[in-house]
Amino acid sequence: MADAAHSAVHTEGGAAERRAFRVSGIVQGVGYRPFVYRLAEAYALGGWVLNDSAGVGIEAEGTAAALDAFAAALRDDAPRAALVTAVTWQAITPCGERTFRILPSPAGTRAATLVSPDLGVCADCRREILSAGDRRYGYAFTNCTNCGPRYSIIRGVPYDRPLTSMAVFPMCPACQREYDDPRDRRFHAQPNACAVCGPAYRLLVNGGVQAGDPLAAARRVVAEGGILAVKGIGGYHLACDARSEAAVARLRRRKHREAKALAVMAGSCAAVRALCLLSAEEERLLTSPAAPIVLLARRVDAVRPAAESVAPGNPYLGVMLPYAPVHLLLLGADDLWVMTSANLSGEPILYRDAAAEEGLAGIADAILVHNREIVHRVDDSVVRIGAGGPQILRRSRGYAPAPLALPFADGQSVLTGGAELKNTFCLTRSGEAFLSEHIGDLTNAAVLASYAETMAQYEQFFEVTPEVLAVDLHPAYLSGRHLAARAARDGLPLVRVQHHHAHIAAVLAEHGCHARVLGVALDGTGWGDDGTAWGGEFLAADLAGYERLAHFAPMPLPGGDRAAEEPWRLALCVLYRRDGAGFAAQFPQFAAQLPTGWELLMQATAAGLSAPLTSSAGRLFDAAAALLGVAYRSAYEGQAPIELERLARTARRAGRVLPYTVAEGARLTVDVLPALYALADGAEALTVEERAGRALDFHVTMAAAVAEVLGTLSVRTGLRTVALAGGVFQNALLLEELLPRIGGYHVLLPHRVPPNDGGIAYGQAAVALAQMRCS
């Protein structure tokens with residue numbers, strides 16, 4: 001701590017020195033200047049601190065020992081909301097300054113605009129909220145420079161209260177004193193408020209305001225088995241008692257969410273430990289400023305478990321802790337609530353009050369609403385710790401719009417459109433990439449409208465007018481069409497980036513890697529440069545380009561995109577290819593699941609009608625799931641592979657490698673059709689335990705096939721660095737099986753960017769910048 005260091009430093013004494021410091025990173029709007037002020041006072045330093053266009057500038061004067069300790073603390077003890085990327089200094093002439101000041105930014109300069117993500121409630125604010133006698137006791141909008149709403153309340157830049165939705169709440173004298181005091185942690189905290197001057201909650205029941213304490217009444221709604229809508233930081237949630245099967249079933253029925261797992265919020269870390277296995281790294285994620293949902297393994301010995309219907313058949317739960325003050329006031333330490341986005345399936349999260357009241361009328365029994373406007377909707381982020389370390393599955397609240405580094409310090413500003421599903425977009429500025437929050441699936445009209453609106457807001461916030469646009473190769477992607485129209489309108493260059501190259505480039509950019517690597521991109525499908533659907537790709541790639549060296553053997557998709565929603569189509573294709581129409585006698589249970597007209601579907605597939613070929617690894621997992629009777633239809637994206645992994649994890653024997661082939665040709669072709677045949681043999685007579693063993697076998701086989709191909713390609717190319725990307729690598733079991741098999745390589749995995757299509761936009765930006773530098 002600074003005070004302890006201060007006492008140690010001044011025993012040494014010494015002549016005064018003066019140093020000019022430069023601090024870079026997310027250091028504006030996060031309480032960094034008052035932190036520096038307090039630090040300088042602790043070390044008895046004179047000088048000043050200010051914000052400028054490059055970050056934070058400091059001049060400090062004192063003993064060498066004090067200045068050394070001060071320099072270390074600038075990075076090591078920075079406020080929790082700050083992200084210090086560099087601290088540099090140079091000696092300058094002392095001038096005898098003994099006091100320390102916070103100076104305004106230099107005239108004629110403008111600080112580089114960064115918008116902080118919304119931050120989970122900090123320990124100091126938590127203590128005040130829960131401490132009887134404190135003036136913020138029980139106040140649901142308590143915040144400081146270390147926590148609270150940021151991005152969700154900003155209307156424009158610079159980040160000052162008049163340009164936020166807090167503008168309509170003038171501070172009372174007590175709050176103003178805190179705001180003006182550089183020694184106070186609420187110095188220049190723009191959302192600063194208290195019960196005297198700030199926002200407030202009210203509870204709506206049947207369209208009317210419920211009398212009395214709204215939070216107490218809201219707790220009763222959940223305790224009595226009801227469905228509560230809660231307006232929080234970035235939108236509305238639907239909440240209910242996660243231990244009540246009846247309440248969860250009611251929520252699922254009303255929300256039309258039949259199978260997909262629901263997130264839960266636990267009242268404390270102790271409650272999480274009683275429910276799930278929790279490592280130190282997972283606990284750090286749960287309690288971090290980002291406060292994401294963390295996927296955790298359920299405890300089989302939990303005394304008060306979540307209702308099975310929260311995540312049916314799933315050994316994992318998506319768990320978060322209270323991250324807004326209102327959550328602390330609603331949930332007791334032992335409570336467990338479902339806390340899921342308030343939306344109908346496929347729609348964006350509700351965040352505007354009028355729309356929420358209308359849209360939730362038939363879903364929620366009561367709506368807990370406040371009078372601080374949410375300017376930007378932001379979904380919860382989702383993270384897991386797997387065999388390769390942390391993996392962000394959805395990057396949104398708590399992470400966006402914080403910048404990601406790019407491997408180029410300069411270059412033209414680029415705006416990228418991202419993918420069609422799990423969409424994000426990306427805007428670049430001088431070595432920084434602003435990857436948007438999770439937007440969603442653009443095939444939904446409301447999501448597409450949000451996409452265009454949010455994209456325009458990013459350009460305003462970060463004061464960037466893009467000079468180059470980049471999109472996916474797919475000619476029908478709405479994201480591509482949107483930016484292609486803009487390119488034509490504004491006369492801007494349009495770069496088209498192959499989907500799987502973007503996946504690999506995202507990993508390379510995150511790691512600052514300019515070298516050529518072996519990239520493995522496994523996902524659902526992405527448009528290949530030959531006009532076919534790719535999805536199981538082995539590339540020799542750098543940021544600027546790629547060469548396709550190998551891929552999984554193409555298989556038809558009977559009915560096109562419908563095959564992803566109905567895996568029975570893929571299984572039927574496999575069985576029909578081997579046994580013809582006679583498969584029905586060997587697989588009567590499977591045949592009974594088929595709709596009438598399947599014969600015509602197979603005839604059309606054989607003729608190449610509405611049955612495009614794909615090398616997709618994701619569809620192989622779909623086929624395996626259907627062949628084992630795990631999932632014939634998917635209620636949500638990725639359900640069949642998720643169910644297959646769940647089954648495989650219950651296996652009581654070691655996995656075996658099933659037959660597959662690797663054929664030479666213009667490229668290596670990996671054919672796992674023999675493995676699918678082996679998987680199907682006698683499958684309907686197997687016990688659940690035996691099917692689990694085969695599910696594990698398929699994971700082991702896919703890992704072995706990938707490792708073998710990488711070994712061959714490494715010998716041929718001399719490349720020893722491997723980058724893994726694509727949504728299939730969200731399968732934790734596949735990674736667990738693969739990584740030990742490729743332990744001799746330098747393996748790059750995405751940690752700060754999703755491996756799925758949520759990272760495509762970042763990869764597109766890196767490719768576009770690299771190609772412009774080569775042109």
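The values are calculated or read from the model by the stated rules, or taken from the named source; none is laboratory data. As the structure is a prediction and not an experimental result, all values here were calculated from the model. Every residue, glycine as well, gets a Cβ built from its backbone with ideal geometry; the counts of neighbours run over all protein chains shown.
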Yes/no for Ala484 being surrounded by fewer than 20 Cβ atoms within 10 Å (Cβ to Cβ), without any contact (Cβ under 8 Å) to a residue 12 or more places away in the chain and assigned by TED's automatic domain parsing to the domain that holds Ala770
no
Report every pair of residues separated by at least 6 positions or lying on different chains whose Cβ atoms are under 6 Å apart, first residue within segment 629-647 and of a type in the set (Val, Ile, Thr), second buried (at least 19 other Cβ atoms within 10 Å of the Cβ).
Val630/Glu643; Val630/Leu644; Val630/Leu647
Those residues of segment 666-697 which are touching a residue at least 60 places away in the same chain (Cβ under 8 Å), surrounded by 18 or more Cβ atoms within 10 Å (Cβ to Cβ) and farther than 22 Å from Ala550 by Cβ amount to Ala680, Ala683, Arg691, Arg694, Ala695
For segment 262-280, check the following and say yes or no: at least one residue is of a type in the set (A, V, I, L, M, F, W, C), touching a strand residue (DSSP E or B) at 6+ places or on another chain (Cβ under 9 Å) and free of Cβ contacts under 8 Å to residues at least 24 places away in the same chain.
yes
Within segment 607-657, which residues are among the basic types (Lys, Arg) and in a loop (DSSP other than H, G, I, E, B)?
Arg633, Arg649, Arg652, Arg653, Arg656
Is it the case, given these coordinates, that Asp184 is surrounded by fewer than 16 Cβ atoms within 10 Å (Cβ to Cβ), of a type outside the set (Lys, Arg) and at pLDDT below 95?
no
Restricting attention to segment 187-205, which residues are under 21 Å from Val30 (Cβ atoms), modelled with pLDDT of 95 or more and in contact with a Cys (Cβ under 7 Å, 6 or more places away or on another chain)?
Asn192, Ala193
Restricting segment 704-723 to residues that are of a type in the set (Gly, Ala, Ser) and surrounded by 23 or more Cβ atoms within 10 Å (Cβ to Cβ), which is farthest from the chain's Cα centre (by Cα)?
Ala705
Could you pull out the residue among Ala446, Ala419, Ala476, Ala515 that is part of a loop (DSSP other than H, G, I, E, B), surrounded by fewer than 19 Cβ atoms within 10 Å (Cβ to Cβ), among the hydrophobic types (A, V, I, L, M, F, W, C) and touching a residue at least 60 places away in the same chain (Cβ under 8 Å)?
Ala515
Report whether or not Gly726 is surrounded by 21 or more Cβ atoms within 10 Å (Cβ to Cβ) and either at positive phi or of a type in the set (Asp, Glu) (or both).
yes
Among Ala290, Ala307, Ala297, which is the only one that is under 21 Å from the mean Cα position of the chain (by Cα) and in contact (Cβ under 8 Å) with a residue 40 or more places away in the chain?
Ala290
Considering only segment 49-64, how many residues are touching a Ser or Thr at 6+ places or on another chain (Cβ under 9 Å) and either at positive phi or modelled with pLDDT of 90 or more (or both)?
3
Could you please find all residues in segment 479-502 being more than 27 Å from the chain's Cα centre (by Cα) and part of a helix (DSSP H, G or I)?
Ala485, Arg486, Ala487, Ala488, Arg489, Asp490
Taking Leu427, is it in contact (Cβ under 8 Å) with a residue 24 or more places away in the chain, out of contact with any Lys or Arg (no Cβ under 7 Å at 6 or more places or on another chain) and on the phi < 0 side of the Ramachandran plot?
yes
With criteria (1) under 14 Å from Ala626 (Cβ atoms); (2) exposed (fewer than 15 other Cβ atoms within 10 Å of the Cβ), Phe583 comes up short on (2)
How many residues, within segment 449-473, are under 22 Å from Thr532 (Cβ atoms) and surrounded by fewer than 20 Cβ atoms within 10 Å (Cβ to Cβ)?
1
Check Ala624 against each of (1) of a type in the set (Gly, Ala, Ser); (2) within 22 Å of Arg577 (Cα to Cα); (3) modelled with pLDDT of 95 or more; (4) surrounded by fewer than 19 Cβ atoms within 10 Å (Cβ to Cβ) and name the one condition it does not meet.
(4)
Within the bounds of segment 405-420, is there any residue that is within 24 Å of Ala290 (Cα to Cα) and over 15 Å from the mean Cα position of the chain (by Cα)?
yes
